[in-house]
Every structure is written in C-alpha cells, then in structure tokens.
Amino acid sequence: MPSNTCKTRLWFALVPMLLPLLFPMIGSDTRNEDGGDHQAVIEVSDSEASSQGAPTSSGGGQDRWTRHEICEGMQFTSQEVFEVAIPDCSAGSPAITAPVTCPANETPLAPWWVNRFVGGAYRGWELASGYQCGADLLLAQVEQAWATMPIAPNTYDVQPAGGYAIAELGVNLVVDTNPRTMNATLMGTPVIIRAVATQYTWTNTDGTTWTSTHAGRPYDQGGTPFTFPRRPEHRTTFTLTTTWRGEFSTNGGVTWRDAPGTASTMSTSTTVHVYNPHTHRVDCDLDGNCVNGTQGAGNQKTLFDPDGDGIDNYLIPDAKIDAYLTARDNNVAWTDTARKSTD
C-alpha cells in the first residue's frame with residue numbers, strides 16, 4: 001500500500017482549486033471605508049470552524065474563531081491574549097514567514113485564533129493552531145470520517161445451503177464483495193468514502209482458523225470447499241472476520257485515493273451439521289423391502305438419519321444437538337419435537 005506521503009501527492013494538484021470553496025472569506029483582505037488596507041477578521045462558530053479544520057475539541061460551544069497571521073511583534077514567551085482584537089501586521093511588525101511547506105501553488109493558511117467564552121464573557125483572542133496546508137486538513141478530516149464510518153458486515157453463502165455437510169466433501173464458503181460507501185461533506189467538499197474488503201479470516205469451533213485475500217467462488221465457477229477431518233458426527237460453527245481498507249473520492253467516484261488505516265467487521269455466525277458416513281451391509285432398502293422378501297420394521301438408516309430413529313439429525317436445533325447426540329449414543333429415545341426450519 002502506498003505511504004501516506006505518496007497518497008497525498010496524488011491529489012495535491014486539486015487543492016488550489018478547492019481552497020476558495022473550503023475557506024471562504026476566512027482571513028481575506030478587504031478595504032475599509034477609510035481607504036486603508038486591513039485584514040478582515042471574519043468570526044465563525046465552533047461548528048463552522050471545526051468543519052474548516054480548527055482544533056475545536058476543547059471549545060465551549062460559544063467560542064469565536066478566526067484565521068489571522070502571526071506578526072513579528074507579537075510576544076509568545078507566554079500565552080498572549082488580545083482582549084479587543086488581534087492587531088494587524090504592519091511594516092514595523094510584518095507577518096512571519098509560515099514555517100510549513102505546502103504543495104506547489106498552495107499558500108499556507110493562517111493560524112486559527114480563538115476567543116473563548118468563559119464564565120459568561122469572552123476572555124480575549126489567543127492563538128489556537130499553527131500555519132496549515134489545506135491538503136493536510138482535508139486528509140485529516142477524511143481520516144476521522146473513515147475511522148467512524150459504520151460498515152455493514154459481509155454476508156456469505158454456504159454450499160450446500162441446507163445446514164449440513166459430508167466431512168470429506170466439506171462446504172464452500174462464498175463472501176459478498178460489494179464495497180460499503182458513505183457520503184460526507186468535509187470542509188465544504190462532497191466526499192465519498194468507501195470500504196473495500198481486503199482479507200477474510202474464518203474460524204470454526206473445530207479449532208480451525210484460516211485467512212485468505214479471496215472471497216471464494218461458487219462451485220460452478222471453480223470454488224474449492226473447506227473439508228473436515230474424519231471424526232464423529234457433530235455440529236460446527238463458522239465465524240467470518242473481514243478486514244477493510246478505506247478509499248475516498250472528491251470527484252464523484254471518478255478517481256479514488258487511499259484513506260489511512262483499516263477497519264474490521266465480524267459477520268453473523270452460521271452452523272453446519274457435519275456427517276461422517278461409513279459403509280455397512282444392509283438387508284433392506286430405504287422403503288423397508290428386505291432381501292428375504294419380508295417387510296423391514298421401523299425406520300431405515302439414511303445419510304441424514306444415520307441411526308435410523310426417524311430424525312434427520314441436522315434439523316435438531318443448535319442448542320439441543322449435543323444432548324441429542326449424547327442420548328443417541330446411550331440408546332436413549334429422543335422425544336423432543338423441536339426442529340430447525342427448512343425454509
């Protein structure tokens with residue numbers, strides 16, 4: 001996977017076009033009625049400032065925010081607070097050179113200042129951030145949105161679908177591969193964020209765990225089953241954990257760039273009843289017709305009813321299967337009528 005630096009470079013060229021939309025009027029130059037040039041102090045609320053990349057996590061809800069240059073004459077040996085207004089830079093106290101290097105054709109954004117509302121009054125303007133690059137801010141917003149994006153776990157098909165399997169034939173597990181998407185507006189820009197599955201980790205209660213980057217294929221497309229070791233008839237549970245990588249697009253999905261980090265989901269578990277049939281000689285067919293010409297009594301042993309008690313074992317509910325198999329092994333008749341639905 002490309003590094004964060006490489007990922008960012010892919011879209012730096014878009015930033016100059018986006019900046020006027022992302023940061024309208026914040027810290028822009030205007031001309032007063034007296035004809036003098038002054039920096040406009042456009043104040044915004046906590047929520048609006050946050051949407052433009054301000055560090056508002058410690059805000060009190062009524063704080064005021066603005067972007068403003070740092071002037072050489074400002075003293076920051078201690079926290080300097082301007083009670084009325086942030087002074088404009090001038091020839092005698094010019095703006096400092098921004099200590100950050102932004103992509104080509106992108107001018108660094110002036111720092112954020114905040115006037116906090118404390119005890120029923122505003123306590124004055126204080127510096128809240130350093131100089132910033134718009135590209136970095138948008139990527140940070142994407143990273144936060146991706147980290148909190150709700151991702152619907154994968155669904156998957158089990159072949160055969162009846163809830164049973166023959167140990168040596170196994171089951172074929174096929175995961176859906178549809179990306180999950182979320183639309184968001186970050187710093188005034190419409191963004192599509194999507195989760196793409198990259199890894200599938202299966203576990204079952206037989207003690208087996210395996211990981212694959214492939215979602216699996218149906219049998220008719222060359223799917224390969226997971227087979228079971230030869231052991232007594234039993235019920236096993238499969239659980240799927242999926243790892244997702246994030247991508248985002250700022251042009252409606254025409255191109256995609258990586259979002260930092262990964263996510264994981266756990267899908268709903270499914271149970272499979274595993275038969276381990278063996279051959280043996282019989283005197284009667286499944287209809288009870290015996291080789292000596294008589295009619296056999298009782299139920300006949302079948303693949304799904306290997307003990308011939310008239311119950312297809314895979315239909316016993318999961319919560320009762322262990323008790324059923326124990327009763328059968330002890331030659332105790334099973335009278336509970338609860339069965340799994342075959343719908």
- Does THR101 meet the test of being closer than 17 Å to GLU43 by Cα and outside the structural domain of MET182 (by TED's automatic domain parsing)? no
- Pick out the one residue from THR148, THR205, THR155, THR227 that is of a type in the set (Val, Ile, Thr) and in contact with a strand residue (DSSP E or B) (Cβ under 7 Å, 6 or more places away or on another chain). THR205
- So which of TRP125, TRP113, TRP146 is outside any loop (DSSP other than H, G, I, E, B), among the aromatic types (Phe, Trp, Tyr) and over 24 Å from GLY61 (Cα atoms)? TRP146
- Message: When you scan the range 184-197, do you find a residue that is part of a loop (DSSP other than H, G, I, E, B) and modelled with pLDDT under 95, even just one?
- Response: yes
- Among the residues of the range 161-175, the number that are surrounded by 15 or more Cβ atoms within 10 Å (Cβ to Cβ) and assigned to a loop (DSSP other than H, G, I, E, B) is 4
- Query: Would you say THR148 is without any contact (Cβ under 8 Å) to a residue 24 or more places away in the chain and closer than 30 Å to LEU240 by Cα?
  - Reply: yes
- Among the residues of the range 53-62, is any at pLDDT 85 or above, within 19 Å of ASP136 (Cα to Cα) and buried (at least 18 other Cβ atoms within 10 Å of the Cβ)? no
- Message: Given the options THR242, THR211, name the one that is surrounded by fewer than 19 Cβ atoms within 10 Å (Cβ to Cβ), out of contact with any Gly (no Cβ under 6 Å at 6 or more places or on another chain) and not in a loop (DSSP other than H, G, I, E, B).
- Response: THR211
- Note on the structure: Result of the Cβ filter at 7 Å on the range 323-343, keeping first residues that are surrounded by 11 or more Cβ atoms within 10 Å (Cβ to Cβ) and partners that are aromatic (Phe, Trp, Tyr) and in a helix (DSSP H, G or I), at least 6 apart or interchain, is TRP334/TYR324
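What tally of residues in the range 91-103 results from selecting those that are polar (S, T, N, Q) and more than 40 Å from the chain's Cα centre (by Cα)?
Residues that pass the stated criteria total 2.
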- Task: Tell me which of these GLU106 doesn't satisfy, since it passes every other one: (1) surrounded by 17 or more Cβ atoms within 10 Å (Cβ to Cβ); (2) within 31 Å of the chain's Cα centre (by Cα); (3) assigned to a loop (DSSP other than H, G, I, E, B).
- Result: (2)
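Matching residues to (1) at pLDDT 95 or above; (2) not β-branched (Val, Ile, Thr):
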{"site": "GLY207", "(1), (2)": "no, yes"}
{"site": "PRO229", "(1), (2)": "no, yes"}
{"site": "THR237", "(1), (2)": "yes, no"}
{"site": "GLU247", "(1), (2)": "yes, yes"}
{"site": "THR271", "(1), (2)": "yes, no"}
{"site": "VAL282", "(1), (2)": "no, no"}
- Task: Mind listing just one residue for me: the one in the range 182-198 that is among the polar types (S, T, N, Q) and surrounded by fewer than 15 Cβ atoms within 10 Å (Cβ to Cβ) and, of those, farthest from the chain's Cα centre (by Cα)?
- Result: THR185
- Meets criteria (farther than 17 Å from ASP46 by Cα and either in a loop (DSSP other than H, G, I, E, B) or modelled with pLDDT of 90 or more (or both)) for THR77: yes
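The values are calculated or read from the model by the stated rules, or taken from the named source; none is laboratory data. In this text the structure is predicted, and so the values were computed from the model without any measurement. Methodologically, a virtual Cβ is constructed for each residue, glycine included, from the backbone with ideal geometry; neighbour enumeration extends over all protein chains shown.
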